[in-house]
Number of protein chains: 6
Amino acid sequence: MKILLINPNTSVEMTERMVATAQSVLAPDTELVAFTATRGFPYIASRAEAMIAGGITLEMLAEHHHGCDAAVIAAFGDPSLIAARELFELPITAMAESAMLTSCMLGERFAMLTFSRTLVAWYEDAVAVTGLNHRCAAIRVPDVSFQSVSTVQYELENEIVALAENTVREHGADVLILAGAPLTGLAQRIAHRVSVPLVDPLAAAVSQAQTLARLKPRAASAGRFARPGPKPAEGLFPPLAAWIEHRPAIGGSLTAVPAGLTS
Amino acid sequence: MKILLINPNTSVEMTERMVATAQSVLAPDTELVAFTATRGFPYIASRAEAMIAGGITLEMLAEHHHGCDAAVIAAFGDPSLIAARELFELPITAMAESAMLTSCMLGERFAMLTFSRTLVAWYEDAVAVTGLNHRCAAIRVPDVSFQSVSTVQYELENEIVALAENTVREHGADVLILAGAPLTGLAQRIAHRVSVPLVDPLAAAVSQAQTLARLKPRAASAGRFARPGPKPAEGLFPPLAAWIEHRPAIGGSLTAVPAGLTS
Amino acid sequence: MKILLINPNTSVEMTERMVATAQSVLAPDTELVAFTATRGFPYIASRAEAMIAGGITLEMLAEHHHGCDAAVIAAFGDPSLIAARELFELPITAMAESAMLTSCMLGERFAMLTFSRTLVAWYEDAVAVTGLNHRCAAIRVPDVSFQSVSTVQYELENEIVALAENTVREHGADVLILAGAPLTGLAQRIAHRVSVPLVDPLAAAVSQAQTLARLKPRAASAGRFARPGPKPAEGLFPPLAAWIEHRPAIGGSLTAVPAGLTS
Amino acid sequence: MKILLINPNTSVEMTERMVATAQSVLAPDTELVAFTATRGFPYIASRAEAMIAGGITLEMLAEHHHGCDAAVIAAFGDPSLIAARELFELPITAMAESAMLTSCMLGERFAMLTFSRTLVAWYEDAVAVTGLNHRCAAIRVPDVSFQSVSTVQYELENEIVALAENTVREHGADVLILAGAPLTGLAQRIAHRVSVPLVDPLAAAVSQAQTLARLKPRAASAGRFARPGPKPAEGLFPPLAAWIEHRPAIGGSLTAVPAGLTS
Amino acid sequence: MKILLINPNTSVEMTERMVATAQSVLAPDTELVAFTATRGFPYIASRAEAMIAGGITLEMLAEHHHGCDAAVIAAFGDPSLIAARELFELPITAMAESAMLTSCMLGERFAMLTFSRTLVAWYEDAVAVTGLNHRCAAIRVPDVSFQSVSTVQYELENEIVALAENTVREHGADVLILAGAPLTGLAQRIAHRVSVPLVDPLAAAVSQAQTLARLKPRAASAGRFARPGPKPAEGLFPPLAAWIEHRPAIGGSLTAVPAGLTS
Amino acid sequence: MKILLINPNTSVEMTERMVATAQSVLAPDTELVAFTATRGFPYIASRAEAMIAGGITLEMLAEHHHGCDAAVIAAFGDPSLIAARELFELPITAMAESAMLTSCMLGERFAMLTFSRTLVAWYEDAVAVTGLNHRCAAIRVPDVSFQSVSTVQYELENEIVALAENTVREHGADVLILAGAPLTGLAQRIAHRVSVPLVDPLAAAVSQAQTLARLKPRAASAGRFARPGPKPAEGLFPPLAAWIEHRPAIGGSLTAVPAGLTS
């Protein structure tokens, strides 16, 4: 099977770390292809940014999803997840949702640990969209600052371990999600230092994409996720407009994309 | 006071109807200015479209909000409402939220009546975002089709009146919201034929914008709606990028906007 | 338009402060008339007292509502709000409900700050009646006592500012309601010292009464707020009994009211 | 033990039926004393009426509770139940709450069957106050009218039996509450015709009052139901004012009560 | 009436304490008969143990319920309560459910105080099954260890009193449940030292069993608690298998039970 | 990896169908081993039966889990799932939970279709335990009877297809779960006849077991699913007692099991 990984952040380094982390959960028969956003933000960190990046995610899916068995939206907070499921016909997973659903099989209450207070409102939304508020014990952040999102998982490693143990004790969490794409890969490194299971959201999202691909669900032709009929769309990224208008696919070739809108 | 009305649909005729309906609720000292989207969809009708229109709404607000006392996002479903409140510093209302909050003072349970089944999932989301699920008795649609969104409120007038009475009786609604921008103005026309109060969402949103403007709340410098610090933003609509990067405002002049992205 | 303000407490000084605070939110075309209870409690502070004051509120509305476009029940906790909406036909707002609904447009989670622990259970009920429990971050009280309800807003000013900032930080509130009629007017005085928007419940209730009056909703003839048919009523305050029995209005003249029951 | 039954309706015939129905659940060592309201409504049927009757209930309790081990508020909808628990120190039960809590031990979902549509909003409130919304399958009313509340249980007997069976089948109810004081005694008469247990609210309330009296809970001196300190109260029924102001008890003698306010 | 008390723990000493505590709430016409489990755990303390003890509870009920008017499952956490109500036809109460329902008449929010952290998850489940999460303020445990479950109520007496007062103040509890069979009898001893009512779960469960027995509800022949038709059952405790297969009762004689399965 | 499948029903034919259905979702590197209960019920169909089968499930896991990477409890309704996760240290999935969590990635609201009304209460419990009530649109059953659980999926095939389409239309389901072990394999056969994705619970549970095994979560040493310390256990199935008492494993050899208790 072929899994498409869409990173709606513009950081190529982050995409590389994601691909590396995914290796440990790929089945022998899985191929993973990954793309990085070419416009937007280096690292999405608010709901306004997620709204903008959501549009970019749809652009990237429109351009790259052909021929894939499932797709992963590789940002915790899941920009455009619902919109993407409405618009496209292949199974799609995302980091926050996959982490939460997987956690539900490892504990009764999960908590999220992340690295910046500004992310919390966005992650609260992700919990609410999944409808798992009553299973979310807390969303917590260490009381220390850091220098860079690309090194934050090393800078705060000890603080996150301490916060993990405190969250188990004080908030009754049975399982912990290391939330936010910059923490990708950290779970594997600190699992032995924490007394409950840790969930790496990228690993969970890639695992669940494989699960859905293997179950081969039919695309809905009714219900909330049936693909809408053709609609006129003005001034949008051409491959996305083509998909929305049910015209032949545009994409696969970056040179076809007008300057300033490349994805 | 000066109220900004942003129509994220591309239909100028719809904006004109909104402005006409707003007249009946403007206080003597209120000025209303209105703008229509120049890219996107003639009429937003799904969550994927709302996601895309959400980005366009932010672009329009970035360009036009300077000097206004409050803004109205004039689409039922409230594209980008939360993102806009996070990004901008003036009070912002939107049609679905204002209609629901206003309804809560006129009845214990409200219901929404709209004209197309495809809109229901989007409106369900709006109810959930407002947290008023327990006060929403139903979201209902007549079982008849129509020819055009610009005439739908005339085509389905009798069906909506019948559905209104049925919803009061069968679903226990005390107040009814005529949901969806194309129904703007209908409430006033059919109020005498329905046995409970009707809420016109555009009138409610303009009313609530005046309420907020008169209360003069300070802009938050903490909490979920504090304006984020400057962030680098690549490949975005210039006035929006300028606002996000905390650079001097771009906007007010359509000639400054690159072709294909005018809002 | 003409707005009726009913203060179900017996303190005339409090009514005067309410009227003064309302000035800043009155539209140019709004007239405000205010009445103070003549029996009951100087300051309602429990649910038993609110139950008794609720009956008195209905008496006052029965006597004074004729010719008004909307009414405000000017006690936080909203005695008899639902009963009043059931019984009378003009739009009615109240301080707690209006403060909460208005807050929902200024932040995702509101908190209430008040001045006495004994009030908390009553205010919790108001949150539950509005159905906004999930948006209420906390109801908090400073840990200091005060001398008099008429000066409490000056006595505790600094403590309330400190509690406000703490509530934003510790409870995740985006907007704060200064709860309880004795705090009327405080929001305006301390807004510049608090980092999130403050809502003055009296100002919100008068604003929302104007909103409803301007929307001119029809009176319900079906649903929970349709006026009940005539009922025999024995031993009640004459203007209220007359309204309940659908007899010609009694009231408007204080000399018509029997001793011991004047309102 | 001595149980006080307060009927806040003015119908003496209804009180007599209540006392008769209570006999079957009195333990050998229980004495029951009952009082009927002398002002208010023959039969409380709305939330406005319940608000007014709530004040009357407090008046009756103030006058009659001395020397009793527990009290029953004998109206379904439970006027003033919370206020009474706040104000008085003996255990107090009421018909709706007792019926629901008892039902929870006989089935997973209960439904209420009553005889008039106008009662439903009031009973919905009772469910919400108890916090058992998720266990309430439905509140239902036969589609037939009746002549008099004093004979309604005979007039609608067959319709209620049919509605009972339908509610089990269609709404998944495991146990049924015959809601509304005028149905007192009906459960016993039709139990053999219905396939699930029936709960008679008066019998349940008297049973639970005995349960509480036997458990001998101490009166709270902290928490929501601690008796408030003395408060000045103007223009209220003298025995109630005396209790609120912590003055020596007035009551037990009807001749002490001013005309027009007798309870 | 005759009440059956089933202790699914294997501690006879605990059963004796239960019977002693029950005396204070028995009506003059009530007879109590009690049985202790003969296999399983001395003291059930986890959900795995409750699952196993649940099967044993059904075995004990199958053997002993004939001729009784109601039964009490005398373990807090209520092993097999729902299953027992499904299978048997007499009214059945249990300690956690009865304590919670009774508490709802004594306060708005109850809290549970217990003696070991390992019990909390099991008690959380009991709250969820009853559907009273919103009325449960907290489940708390003193931060001290103890020597033996048979003396824990004496060892931790002072710590529980201190925790009680703290829980009223910090968690807003109006009534406290002393949770866990080893605390049976403690409420009566410390009631005068705590400022809110205490509920003894065993006393509550025996009281509610009497309430149900006196109400004489008919056994359901429809709904979730209708007795299932005969089913083949292999390898089960003979009296239970007989009841499930609708064969003549086996039981009443311990000598009839095969070694290793005695209950 | 090695996945253990535990069928707590006594039907070997059912286990064989489960193993056959699982083939389509096994990764190339997965080995599946399956066991059938040797005592209990041919087909668990109530909560009382699930309580008894829950104990049997723990016995089977105690005997067979050694050396496996994850286990599947192969009954819809998930007997003993929480207890098993508490007691054992390998990841464990079950049919209802896996089906629901998987459905959450394929639609916003799922519905369950099953074949017998008596199953509904049990499945409702499974939804509640997972905390997904708000995402469950309905649990439905065709209005026709059938001859045998082993052929029911063929007997009712057309009725289930019709019910599926009706449930999408009338209840707003986006994805459908074919609930109950006897329907294993049906989804694959009728997928092309239904307009939304179908989830086969057995396939979902085996998929999710592989997901968990690949993520290699550490066993919890804190939180709700930490293995309890050694406890004395009397009269239990020897391999289960050994595991609970932390004694060397008994099992793997059927000859070690006393007659009448073999699993």
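Set the Förster radius R0 to 41 Å, insert the Cβ-Cβ distance between B:Phe146 and C:Lys2 as r into 1/(1 + (r/R0)^6), and round the FRET efficiency to 0.05.
Efficiency, from the Cβ-Cβ distance: 0.50.
Going by the alpha-carbon gyration tensor, a ≥ b ≥ c the square roots of its eigenvalues, is region F:1-154 rounded (a/c under 1.5) or, if a/c is not under 1.5, prolate (a/b greater than b/c) versus oblate?
rounded
Provide an ascending nm list, one decimal, of label-point separations from D:Pro230 to the equivalent residue in each further copy; define each label point as 7 Å from Cα along Cα→Cβ.
Once sorted, the set of distances for D:Pro230 reads 4.7, 6.7, 6.7, 7.5, 8.5 nm.
Quick one: if you take sqrt(5λ) for each eigenvalue of the C-alpha gyration tensor of region C:1-85, what semi-axes come out, biggest first, whole angstrom?
Rounded to whole Å, the semi-axes are 21, 15, 10.
Could you estimate the translational diffusion coefficient of region E:65-182 from the Stokes-Einstein equation, with Rh from the Kirkwood formula over C-alpha pairs, at 4 °C and 1.567 mPa s, in whole µm²/s?
The diffusion coefficient I find is 86 µm²/s.
Relative to the longest principal axis of the C-alpha atoms of chain C, give the angle of the C-alpha long axis of helix C:120-130, reported between 0 and 90° and rounded to the nearest 10°.
With both axes taken from Cα atoms, the answer is about 70 degrees.
Where does the protein assembly as shown land at 222 nm, in deg cm²/dmol rounded to the nearest 500, when only DSSP H runs of n ≥ 4 count, each adding -39500 (n - 2.57), divided by all residues?
Values: 60 runs with 612 residues, N = 1578.
Counting only the DSSP helices, I get -11500 deg cm²/dmol.
Counting pairs of alpha carbon atoms under 8 Å apart in space and at least six apart in sequence, what relative contact order in percent does chain D give?
23
Measuring label to label, 7 Å along Cα→Cβ, what does A:Ser148 give against each other copy in nm, shortest first?
For A:Ser148, the inter-copy label distances come out at 5.9, 6.4, 6.4, 7.0, 9.0 nm.
Is there a simple number for the mean count of other chain Cβ atoms within 10 Å of the Cβ of residues in B:38-49, and what is it?
Per-residue shielding by partner chains comes out at 6.
Using a Förster radius of 41 Å, what is the FRET efficiency between D:His171 and B:Ala249 based on their Cβ-Cβ separation? Nearest 0.05, please.
The value I calculate is 0.10.
Using a Gaussian network model of chain D whose springs link C-alpha atoms within less than 10 Å, name the residue from D:Ile160, D:Ile190, D:Ile73 with the highest mean-square fluctuation.
Of D:Ile160, D:Ile190, D:Ile73, the Gaussian network model singles out D:Ile190 as fluctuating most.
Can you pull the one-decimal nm distance between simple spin-label points at D:His66 and C:Val12, each 7 Å off the Cα toward Cβ?
Taking the simple label geometry, D:His66 and C:Val12 are separated by 3.7 nm.
How high is the FRET efficiency from E:Glu89 to E:Val33, r the C-beta distance, R0 22 Å, rounded to 0.05?
0.80
Please identify, among B:Val175, B:Val141, B:Val12, the residue showing maximal mean-square fluctuation in a Gaussian network model of chain B using a 10 angstrom Cα cutoff.
B:Val12
Between copies, how far does the label point of E:Glu245 sit from its twins, in nm, shortest first, when each point is 7 Å from Cα along Cα→Cβ?
Label-point separations across copies, in nm and ascending: 3.1, 7.4, 7.4, 7.7, 8.3.
Using label points projected 7 Å from each Cα along Cα→Cβ, tell me how many nm separate C:Asn158 and A:Ala219, to one decimal.
6.8
In peptide B:170-177, what is the residue-averaged number of other protein chain Cβ atoms found within 10 Å of each Cβ? Could the numbers behind the result be given before it?
Numbers: counts 0, 0, 6, 3, 8, 5, 1, 0.
Per residue, the average neighbour count from other chains is 3.
Evaluate the relative contact order of region C:158-238 (contact order divided by residue number), counting alpha-carbon pairs under 8 angstrom at least 6 apart; express in whole percent.
Relative contact order for region C:158-238 comes out at 22 percent.
Using the Cα centre of region F:97-200 as the reference point, and only Cβ charges (+1 on K/R, -1 on D/E), how large is the resulting charge dipole? Debye, rounded to the nearest 20.
Dipole of region F:97-200, to the nearest 20 debye: 100 debye.
Treating region F:107-174 as a set of equal point scatterers at the Cα positions, no solvent, please give the Debye-formula log₁₀ I(q)/I(0) at q = 0.17, 0.19 Å⁻¹.
So the normalised log intensities work out to -0.63, -0.77.
Share of antiparallel DSSP beta bridges in the protein assembly as shown, in percent to the nearest 5?
5
Relative contact order of region B:97-201: what whole-number percent is it, with Cα pairs under 8 angstrom and at least 6 residues apart?
That works out to 35 percent.
Over all Cα pairs of the protein assembly as shown, how is the pair count split among 20 Å bins, expressed in % and running from 0 up to the last occupied bin?
Pair shares across the bins are 9, 35, 39, 16, 1.
Mean shadow of region A:66-116, computed from the convex hull of its alpha carbons, in nm²?
The number I arrive at for region A:66-116 is 4.6 nm².
Shielding of B:186-196 by partners, i.e. mean partner chain Cβ atoms within 10 Å per residue? Walk me through the numbers on the way to the answer.
On the way: counts 0, 2, 2, 0, 0, 3, 1, 0, 4, 7, 10.
Per-residue shielding by partner chains comes out at 3.
If I histogram all Cα-Cα distances within region B:207-252 using bins 10 Å wide from 0, what percent of pairs lands in each bin?
Histogram of Cα-Cα distances, whole percents per bin: 23, 32, 36, 8.
Under a plain spin-label model, where a point goes 7 Å from the Cα along Cα-to-Cβ, how far apart in nm are D:Arg117 and B:Ala191?
2.4
Going by the rotation axis that takes chain A to chain D, pick out the residue of A with the closest C-beta and quote the gap in whole Å.
So the chain A residue sitting closest to the axis is A:His134, 6.
GNM, chain E, Cα, under 10 Å: largest mean-square fluctuation among E:Met105, E:Met51, E:Met14?
Per the Cα network of chain E with a 10 Å cutoff, E:Met105 tops the list.
So what's chain F giving for Rg/Rh, alpha carbon basis, Kirkwood Rh from the mean inverse pair distance?
Ratio of gyration radius to Kirkwood radius: 0.97.
Since every read-out is calculated from the coordinates, none of them should be taken as a lab result. What you are looking at is a predicted structure, and each value in this text was computed from that prediction instead of being measured. Using ideal geometry, Cβ is built from the backbone for each residue, glycine included, and neighbour counts are taken over all protein chains shown.
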